[in-house]
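To keep things clear, I will list the structure first and then write my remarks on it.
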Amino acid sequence: MLFFIDDFNRVKLTSLSPGVSDYINASYVNGCFGKVAYIATQGPLECTAEDFWRMVIQCDVITVVMLCELLEDSKPKCFKYWPNMKEKKNFGGIRVSNVLLLVLYATVTHCFEVEEVNVKEHITTRQLVVRHDCGKREVHHFQYHGWPDHGSPEEIEPLLEFLEHVRVFQKEDDCRPIVVHCR
């Protein structure tokens with residue numbers, strides 16, 4: 001889904017060097033209490049994945065919510081901007097490591113080591129470590145399975161469960177924005 005943003009609320013990337021664009025298709029979205037609670041963006045393309053991770057670092061994001069599949073009806077919807085389990089992937093000067101994969105069913109399960117998991121239900125949680133010049137940060141990546149492109153989920157219960165799961169990781173007093181994207 002392509003969406004257009006206004007200049008007043010768009011995320012502007014800090015330029016790393018002259019001639020590098022500050023543009024990313026992302027907007028700040030206020031929450032219930034008037035403060036920035038979310039960043040709405042499109043799913044990264046292969047050519048914008050580095051910008052996506054620059055935004056995560058610059059905006060001090062620790063939670064990313066993905067509301068799409070990588071493929072739907074054999075058509076690509078979003079670039080896989082994270083590495084496989086226990087692997088690392090470089091995006092320019094940013095290195096992302098996947099240190100935990102957890103697939104959730106009807107209940108929230110805390111798990112610290114997973115050897116093999118099959119995605120069968122509606123929530124996948126990944127714990128990523130993002131390394132950059134200024135240090136490293138853990139980022140929780142939540143993917144919701146069941147939101148069709150150009151449609152809406154058939155059932156509300158799995159979506160509400162997903163939202164509650166995200167809230168567990170993003171504390172109420174945490175003022176950092178949550179990145180939310182579709183395709």
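Quick notes on this structure:
- Helix 157-169 vs. the chain, principal-axis angle (Cα, 0 to 90°, nearest 10): 60
- Multiplying the residue separation of S21 and K171 by 0.36 nm and subtracting their alpha-carbon distance yields 50.7 nm.
- Sequence-separation-based contact order of the chain, relative, with Cα cut under 8 Å and 6+ spacing, percent: 26
- Using only side-chain charges placed at the Cβ, +1 for Lys and Arg and -1 for Asp and Glu, the dipole size of segment 10-181 relative to its Cα centre rounds to 780 debye.
- Computed over neighbours whose Cβ is under 14 Å from that of K89, the net charge equals +3, Lys and Arg +1, Asp and Glu -1.
- Surrounding net charge for L71, when Lys and Arg each add one and Asp and Glu each subtract one, Cβ distance under 13 Å: 0
- Nearest-ten-degree value, helix 49-58 long axis tilted from longest Cα axis of the chain: 80
- In segment 10-181, taking the dipole from charged Cβ atoms about the Cα centre, the farthest positive-side position among P158, T124, C47 is held by C47.
- Charge-dipole axis of the chain as Lys and Arg at +1 and Asp and Glu at -1 on Cβ define it, positive-most pick from T14, V99, C68: T14
- Distance between the 7 Å Cα→Cβ label points at E121 and C47: 4.0 nm.
- Local electrostatic count at R131 - Lys and Arg +1, Asp and Glu -1, tallied over other residues with Cβ under 10 Å: +3
- Fully extending the segment from D7 to M85 would add 24.4 nm, taking 0.36 nm per residue of separation and subtracting the current Cα-Cα distance.
- Overall form of the chain per C-alpha gyration tensor (a/c, 1.5; a/b vs b/c): rounded
FYI, it's all coordinate maths here, none of it is from the lab. Small disclaimer: the values here were computed from a predicted structure and weren't measured. FYI the Cβ positions are ideal-geometry reconstructions off the backbone, even for glycines, and counts take in every protein chain you see.
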